1. In the P(r) worked out for the chain, what percent of Cα pairs fall beyond 24 Å?
2. For a quick check of your reading of the filter: which trypsin sites (Lys or Arg not before Pro) in segment 198-301 sit in a DSSP loop and have no more than 15 other Cβ atoms within 10 Å?
3. Taking only protein heavy atoms into account and a 1.4 Å probe, give the accessible area per residue of the chain in Å².
4. Ignoring everything except DSSP H segments at least 4 long, calculate the 222 nm mean residue ellipticity for the chain; use -39,500 (n - 2.57) per segment, divide by total residues, nearest 500.
5. Take the solvent-accessible surface of the protein heavy atoms, probe 1.4 Å, and return the percent of it on the chain that carbon and sulfur atoms account for.
6. Students often check this: by mean Cβ neighbours within 10 Å, which of 47-57, 167-177 ranks highest, and how do the rest follow?
7. Give the distance, in whole Å, between the Cα centre of segment 87-146 and the Cα centre of segment 55-75.
8. If you plug each phi of segment 94-109 into the Karplus form 6.51 cos²θ - 1.76 cosθ + 1.60 with θ = phi - 60°, what whole-Hz ³J(HN,Hα) values come out, in order, with x for Gly and Pro?
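The values are calculated or read from the model by the stated rules, or taken from the named source; none is laboratory data. Small disclaimer: the values here were computed from a predicted structure and weren't measured. Virtual Cβ from ideal backbone geometry, glycine too; neighbours counted across all protein chains shown. Note: areas computed on protein heavy atoms with side chains; ligands, DNA, RNA excluded. Shrake-Rupley method; radii C 1.70, N 1.55, O 1.52, S 1.80 Å.
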Amino acid sequence: MPLARLRALAATAASIPITLLGLAVVTFFIGRVVPIDPVLAVVGDRAPADVVARARVELGLDQPLYAQFWRYLTDILSGNLGRSVMTSNTVWEDIARYFPATFELATLAILIAAVLGIGLGVLAATRQGSWVDQAVRVFCLAGHSLPVFVLALISLLVFYAWLGWLPGPGRQGIVFQDMVEPVTGILTLDTILAGDWPAFQDAVLHLIQPAGILAFFSLAYIARMTRAFMLAELRSEYVITARAKGLSPMRIVWRHAFRNTAVPLVTVIFLTYAGLLEGAVLTETIFAWPGLGQYLTVSLLNADMNAVLGATLVVGLIYVVLNLLADLLYRLMDPRTR
């Protein structure tokens with residue numbers, strides 16, 4: 001492996017702990033700046049003064065700020081994210097419970113978005129200036145302009161309330177709740193493992209609307225970026241030479257132009273996926289989807305700062321890891337980085 005590539009990989013790996021340290025600093029000071037007293041969140045706002053003072057000492061909030069940060073940092077390094085006031089569970093237990101729902105929703109959404117977005121982007125680029133290109137551009141503009149909550153409410157109104165084609169909010173119908181033992185936490189996979197096909201069908205039907213909403217906004221971005229990348233490649237000299245040699249348009253587009261476009265698209269798709277894994281707050285709230293976004297929202301509304309800060313750190317870690325994977329794949333796919 002060339003020395004330059006080793007240095008690049010080492011620099012990327014070294015940036016991870018620095019990024020996480022910066023995230024820990026930001027989350028710590030956010031927890032101290034927000035106008036929420038974590039002690040009152042634990043003991044209640046009607047607790048006696050001596051109980052409040054004792055709880056403040058037990059939580060270490062009577063110490064100087066630098067001592068509080070050091071305790072916070074050592075807790076993080078030891079894997080202790082604290083205990084949720086809202087659920088009385090450790091934050092890790094809550095994340096393990098809520099994250100699979102977000103993972104299931106985000107994974108289906110990014111698969112739909114990647115397939116359709118790349119297809120629409122290539123189609124628009126190969127027909128630049130035509131009505132097809134204009135239609136794709138309008139579609140992408142709508143994906144960036146329409147508010148998520150508006151589209152989600154319209155979807156529920158049309159497909160659930162009026163037509164009755166799809167079930168309403170929630171992850172599963174009342175009839176099927178708690179009928180399948182959670183193994184992975186991914187409901188569709190658990191129903192397959194249990195061999196309960198009616199429950200699997202119900203889980204898929206509940207997935208369609210929230211996954212479709214997320215996929216719509218994600219594929220609009222992916223399609224726009226694919227179109228831009230493809231237009232740049234189709235104007236390249238090697239494409240002009242390939243056309244002069246008489247190669248078929250299909251071969252030029254997919255074997256030559258798209259092959260080079262796929263390299264930067266990897267980063268686009270991975271970062272889009274990372275954004276979905278953070279938890280789509282509005283989508284999960286409207287569809288009552290018990291994912292990480294809803295957990296963060298409810299925790300913030302209940303002044304549960306341990307849950308908010310712990311989940312924020314986990315989200316940051318996911319983003320950093322996926323960013324690293326995208327960078328590694330970029331280097332593997334692009335021979336110029338070898």
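1. On the way: 37512 of 56953 pairs.
Result for the distance tail: 66 percent.
2. Numbers: sites: Arg224, Arg227, Arg235, Arg243, Lys245, Arg251, Arg255, Arg259; in loops: Arg235, Lys245.
Counting only loop positions with at most 15 other Cβ atoms within 10 Å, the trypsin sites (Lys or Arg not before Pro) in segment 198-301 are Arg235, Lys245.
3. Details: 18280 Å² over 338 residues.
For the chain, the solvent-accessible area averages 54 Å² per residue.
4. Values: 14 runs with 238 residues, N = 338.
Computed mean residue ellipticity for the chain: -23500 deg cm²/dmol.
5. Values: 12270 of 18280 Å².
C and S fraction of accessible area: 67 percent.
6. On the way: 47-57: 12.8, 167-177: 14.9.
Ranking, from highest mean packing down: 167-177, 47-57.
7. 41 Å
8. Each residue's phi maps through the Karplus curve to give 5, 5, 4, 7, 8, 5, x, 5, 5, 4, 4, 5, 5, 5, 5, 5 Hz.
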